[in-house]
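Participant: Right, I'll just put the structure down here and ask away after.
The values are calculated or read from the model by the stated rules, or taken from the named source; none is laboratory data. What you see is a predicted model; the values in this text were computed from it and never measured. Because the Cβ atoms are built from the backbone with ideal geometry, glycine has one as well, and the counts that use them run over all protein chains shown. Accessible surface is based on the protein model in full, side chains and every heavy atom, while ligands, DNA and RNA are left aside. Shrake-Rupley method; radii C 1.70, N 1.55, O 1.52, S 1.80 Å.
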Amino acid sequence: MGWISQIFSRHRRYDDISASIEEHIAERADELADQGMSRKEAEQAARREFGNAALIAQQSREVWQWPALESVLSDLRMALRRMRKAPGFAATVILTLAIGIGANTAVFSVLNSVILKPLAYPDSDRLVAVWLDAPGAGGLANFSEGLRLSPSMYLTFAQHNRSFEAMGVWVSGSSNVTGLAKPEEVHTTYISDGVLQTFNVPAAAGRWILTADQAPRSRKTVMLSYGYWQRRFGGDAAVIGRTIQVDSETREIVGVMPRGFQVVSQDFDLLIPLCFDPTHQILAGFGYNGIARLKPGVNPAQADADIGRLLNVWMDSWTNGPGEDPHFYETWKIAGAIRPMKQEVIGNLSSVLWVVMSTIGVVMLIACTNVANLLLVRAESRQQELAIRTALGAGRARMAREILTECAVLAIAGGLFGVGVATAGLRLLVAIGPAHMPRLNEITLDTQSIVFTFALSLLSALFFGSIAAFKSMRPVASLAQASTGRTTSASRERRRGRNLLVIAQVAMAMVLLVAAVLMIRTLGALRSVEPGFADADHLQTLRISIPEQLIADAQTTTRTENAISDKLAAIPGVSAVGFARSVPMDEVEPAWNNIFIEGKTYQTGNAPLRFFNYVSPGYFHSAGTSILAGRDINWTDIYGLRPVALVSENMARESWGSAAAAVGKRFRILPSQPWQQVIGVVEDVRQNGVNEKAPATVYWPAMMPNPFVTGQIEPQRMITFVLHSSRAGSEGLMSEIQRAVWQVNGELPVASMQTLGELYNHSMASTSFTLVMLAIAGSMALALGVLGIYGVISYSVTQRTREIGVRLALGARRGQLQWLFVRSALALTGVGVVLGLSAAAILSRAMRSLLFGISPLDPLTFAAVPLMLGAAAVLASYVPARRAAAVDPVEALRAE
């Protein structure tokens with residue numbers, strides 16, 4: 001580290017050299033004086049003999065000097081001195097840059113944490129999600145996203161594949177935990193053998209669920225998430241080996257997974273083994289998420305081909321029951337659709353974040369353009385200084401370097417403050433981001449984000465500093481002209497440069513405002529869609545799960561649910577109660593199957609697929625879903641196991657032409673099953689969100705015969721109640737709901753108590769997040785654009801004070817002068833709008849997947865934004881224009 005000490009001790013060394021030279025000269029003068037010379041003559045002679053003392057001192061100093069470093073340090077001192085002399089200017093620039101850099105850093109941190117970083121699993125690039133394509137299975141919208149696996153598919157693929165090191169399936173659900181405190185419903189992920197081997201993440205305590213734990217009739221085991229372990233057991237290591245009651249079954253706790261571990265993107269409290277008995281599996285049951293770890297050197301396309309090879313093995317090994325043709329699935333045209341795990345985790349959020357990053361990047365460009373304009377104005381005020389320095393021999397390159405150094409200091413200072421802005425921005429992003437945003441717990445301001453911050457700072461300094469530096473390298477006015485300020489042509493050139501920067505700001509603001517208004521229009525279009533329910537903020541929902549181990553009998557299960565419904569209806573303020581297997585937008589995975597319409601002929605297994613829901617009497621009335629024809633299900637239908645059902649309006653129209661025509665018609669699930677009669681038609685419900693089409697749906701009674709197992713009655717064990725009440729969402733109502741449920745059965749926990757309005761808003765969280773981010777970016781762009789216009793017009797008024805005085809003296813009206821400057825602002829804005837239109841059209845087309853109900857080239861948007869910018873230009877120019885009109889011509893001419 002000797003060179004560092006040399007840098008900081010160089011001034012002492014320089015002083016020592018000067019003192020040594022003076023001592024040497026003094027000694028020689030003493031010798032000459034001793035020889036008879038006068039003291040003055042002796043000193044003069046000694047100095048003549050020694051030579052140029054200053055030159056020798058400089059040459060001696062160069063032994064410890066780094067000329068380039070000295071020059072840089074000199075530039076830094078000059079930059080800091082200028083900032084100290086103009087604190088207002090420095091603060092404005094630093095604040096502008098801090099906001100722009102901080103916003104970009106915050107969004108980059110999210111982008112980096114969610115998209116760019118590898119997943120938090122060993123060798124995560126080899127992890128894949130196992131999906132299937134089924135283009136021939138018409139009728140289900142979600143098949144466009146992929147077909148999940150059945151247990152028999154998993155058993156076939158896991159045993160016979162050549163592409164995977166490990167493979168498993170999983171499904172999320174919920175369980176009731178009792179015996180620890182009050183009954184509690186927890187998030188459960190059910191996993192097959194191969195899931196933990198695929199992720200290859202060691203347990204934080206205890207061990208994994210093993211293959212032996214997943215054999216039929218094996219002992220019951222469970223693993224805990226780190227969060228549940230801490231919350232329920234205080235992180236006690238002695239919990240391993242203890243037992244808990246899960247869905248009225250005793251399970252041994254064998255391990256705890258580490259902090260932050262998720263199954264793909266699914267949070268959980270408990271991991272429970274799936275026990276698939278091969279002797280009881282059928283072909284169907286496509287409800288399981290497949291995951292696998294590819295062997296080294298195997299890519300997804302090769303794995304797809306391997307899956308395709310195994311489909312015939314699967315159809316040859318299993319059946320759906322006696323008389324069923326296992327090869328009818330060939331009509332579905334099933335094929336492998338392996339996806340990288342990161343794609344599975346991130347989903348369509350990637351496009352949202354890239355759009356947001358692009359728009360925030362444009363804000364940064366606008367901020368840099370604004371700073372460049374400030375620097376040009378400042379450079380104009382330094383014309384006399386630059387002229388003097390040029391007259392004294394200063395090189396233009398040196399002056400340009402000084403300006404770039406000052407810009408770098410300002411940008412780094414902006415970056416330092418930007419880190420604070422980014423920290424606050426990250427908190428805002430996490431707060432307003434979609435609740436289901438993947439990898440939310442991994443979002444941090446890490447080293448890569450800090451490096452990005454300072455790289456962005458230096459790039460911004462290079463961008464706006466190069467403009468000012470380029471201007472400084474152009475011929476400077478003569479000292480006489482700079483002293484008098486009469487540099488008309490140069491001033492016109494500088495004014496042209498500032499105008500071009502303002503035009504660029506307006507063009508970029510045009511792009512961002514178009515994007516923001518398109519998202520506002522999209523949200524308005526979404527809000528105008530009829531979702532299939534009414535008065536959502538007054539609809540309280542809650543979920544109840546009745547495990548078979550608690551109540552085994554189907555009739556008793558349904559009567560318990562009926563009793564709970566009656567208790568809830570008796571709560572003061574509750575006007576209607578009903579329940580269903582799933583309610584709109586609750587993200588519960590729907591059941592589905594083929595529907596064969598009476599009187600229509602189908603190729604084997606080629607009947608359309610429809611979604612299923614299971615409802616109680618009064619459910620549609622509670623949810624505000626209209627029954628368009630026929631009647632609702634009643635309890636007599638349910639307890640009498642009558643073969644009845646309701647259908648959605650779109651299914652009625654597709655199958656029978658109209659809602660009225662559907663009533664009384666019949667259909668069935670399998671050709672070997674008895675017919676079911678349509679007793680009613682209900683309005684279409686946007687089950688998966690208002691931006692998704694309403695699926696064609698069959699509404700079955702809450703209890704009915706199992707179509708696949710003769711003689712078996714099937715109740716709905718996990719249901720969601722809907723209560724219509726003016727007290728929805730209140731703490732008092734929730735407490736009364738819990739007491740009402742426990743009056744029927746004290747071991748049933750109440751879960752997911754939220755209003756349907758909250759579910760509705762949650763379904764639009766991604767759109768709302770994009771809207772908020774683009775609105776923030778658009779607002780910043782508009783504000784910076786207005787400041788740019790204001791600055792240019794205000795400075796123009798200052799520079800043209802003499803001209804204004806002459807015009808007023810010659811009889812110009814003050815209104816005409818005001819319009820002169822307003823017109824100038826509108827002209828700049830008009831050029832910027834024209835230039836921004838094409839860029840806005842390109843961005844809006846890139847946003848097509850984020851829009852709903854409007855065209856990317858929406859005429860109203862592309863007409864409103866220019867008007868908005870025009871109004872902003874008028875407001876921005878009005879104050880300086882009014883100041884111009886208030887100039888006293890006598891004072892203006894006297895000052896000249």
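Participant: If I ignore ligands, DNA and RNA and count only protein heavy atoms, how much of Val171 is accessible to a 1.4 Å probe, in Å² to the nearest 10?
Facilitator: Around 40 Å² of this residue is reachable by solvent.
Participant: Positive end of the charge dipole of the chain (Lys, Arg +1 and Asp, Glu -1 on Cβ, about the Cα centre): tell me which of Met704, Val362, Ile253 has its Cα farthest that way.
Facilitator: My answer, from the dipole projection, is Val362.
Participant: Then there's this: Any chance you could look up the accessible area of Lys567 with a 1.4 Å probe, heavy atoms only, rounded to 10 Å²?
Facilitator: 90
Participant: Quick query: amide H of Ser174 versus all other amide H atoms, modeled in the peptide plane; which residues come in under 5 Å with a sequence gap of 5 or more or a different chain?
Facilitator: The list, which skips near neighbours in sequence, is Thr188.
Participant: Ignoring ligands, DNA and RNA, how do Thr601, Thr96, Thr522 rank by accessible area with a 1.4 Å probe, largest first? Provide the component values of the computation, followed by the final result.
Facilitator: On the way: Thr601 130, Thr96 25, Thr522 0 Å².
Correct descending sequence by accessible area is Thr601, Thr96, Thr522.
Participant: Right, next: What shape does segment 605-724 have by the C-alpha gyration tensor, where a ≥ b ≥ c are the square roots of the eigenvalues, rounded means a/c under 1.5, and otherwise prolate means a/b greater than b/c and oblate the rest? Display every interim value, and only then the final one.
Facilitator: Values: a/c = 1.43, a/b = 1.12, b/c = 1.28.
The shape class here is rounded.
Participant: How would you rank 25-31, 613-619, highest first, on the average number of other Cβ atoms within 10 Å across their residues? Kindly include the intermediate steps, with their values, before the conclusion.
Facilitator: Numbers: 25-31: 14.4, 613-619: 24.3.
Ranked by mean Cβ neighbours within 10 Å, highest first: 613-619, 25-31.
Participant: Quick one: order Ile115, Ile101 from most to least accessible surface, probe 1.4 Å.
Facilitator: I get Ile115, Ile101, largest accessible area first.
Participant: Now for a different question. Full extension from Ser730 to Asn299: what is 0.36 nm times the residue separation minus their Cα-Cα distance, to one decimal in nm? Before the final figure, lay out each step's value.
Facilitator: On the way: separation 431, 0.36 × 431 = 155.16 nm, distance 5.25 nm.
Full-extension gain reported as 149.9 nm.
Participant: I would also like to ask the following. For Arg653, Arg293, give the ranking by accessible area with the largest first, probe 1.4 Å. If you can, show how the numbers build up before the last one.
Facilitator: Working: Arg653 125, Arg293 10 Å².
Final ranking, largest accessible area leading: Arg653, Arg293.
Participant: Further question on the same structure: Amide H of Lys665 versus every other amide H placed in the peptide plane: which residues, excluding those fewer than 5 positions away on the same chain, fall under 5 Å?
Facilitator: Val678
Participant: Using 28 Å as the Cα-Cα cut-off, could you pick out the over-long pairs in Lys665/Lys693; Lys182/Lys342; Lys182/Lys220; Lys117/Lys295? Each step should come with its number before you reach the end.
Facilitator: Values: Lys665/Lys693 25 Å; Lys182/Lys342 38 Å; Lys182/Lys220 22 Å; Lys117/Lys295 22 Å.
Too far apart for the 28 Å limit: Lys182/Lys342.
Participant: Tell me the carbon and sulfur percent of the accessible area for segment 606-752, rounded to whole percent, probe radius 1.4 Å.
Facilitator: 49
Participant: Also: Using Cα pairs closer than 8 Å and at least 6 residues apart in sequence, work out the relative contact order for the chain, in percent. Present the calculation step by step, with values, prior to reporting the outcome.
Facilitator: Details: 1534 pairs, mean separation 131.5, N = 896.
For the chain, the relative contact order is 15 percent.
Participant: Rolling a 1.4 angstrom probe over the protein chains, ignoring ligands and nucleic acids, what is the accessible area of Met37 in square angstrom, nearest 10?
Facilitator: Looks like 80 Å² after rounding.
Participant: Do the sum for the chain: with -39,500 (n - 2.57) for every DSSP H run of n ≥ 4, divided by all residues, what is the mean residue ellipticity at 222 nm, to the nearest 500 deg cm²/dmol? Could the numbers behind the result be given before it?
Facilitator: Numbers: 29 runs with 466 residues, N = 896.
Value at 222 nm, helices only: -17500 deg cm²/dmol.
Participant: Please state the shape class of segment 224-295: rounded when a/c is under 1.5, otherwise prolate if a/b exceeds b/c and oblate if not, all from the C-alpha gyration tensor. Write down the numbers at each step before the final one.
Facilitator: Numbers: a/c = 2.54, a/b = 1.51, b/c = 1.68.
Cα axes put segment 224-295 in the oblate bin.
Participant: Still on this model: Using the Karplus curve 6.51 cos²θ - 1.76 cosθ + 1.60 with θ = phi - 60°, what ³J(HN,Hα) values do you get for each residue of segment 404-421, in whole Hz, with x for Gly and Pro?
Facilitator: Residue by residue, segment 404-421 yields 5, 5, 4, 5, 5, 4, 4, 5, 5, 4, x, x, 4, 5, x, 4, x, 4 Hz.
Participant: Let me ask something else. Give the carbon-plus-sulfur fraction of the accessible surface of segment 319-367 in %, rounded to a whole number; probe 1.4 Å, heavy atoms of protein chains only. Spell out each step's value before the answer.
Facilitator: On the way: 1200 of 2020 Å².
Answer for segment 319-367 is 60 percent, counting heavy atoms of protein chains only.
Participant: Solvent-accessible area per residue for the chain at a 1.4 Å probe radius, Å²? The partial results should precede the final answer.
Facilitator: Values: 39840 Å² over 896 residues.
Counting only protein heavy atoms, the per-residue value for the chain is 44 Å².
Participant: Calculated from the structure, percent of Cα pairs over 55 Å apart equals which of (1) 35; (2) 13; (3) 27?
Facilitator: (1)
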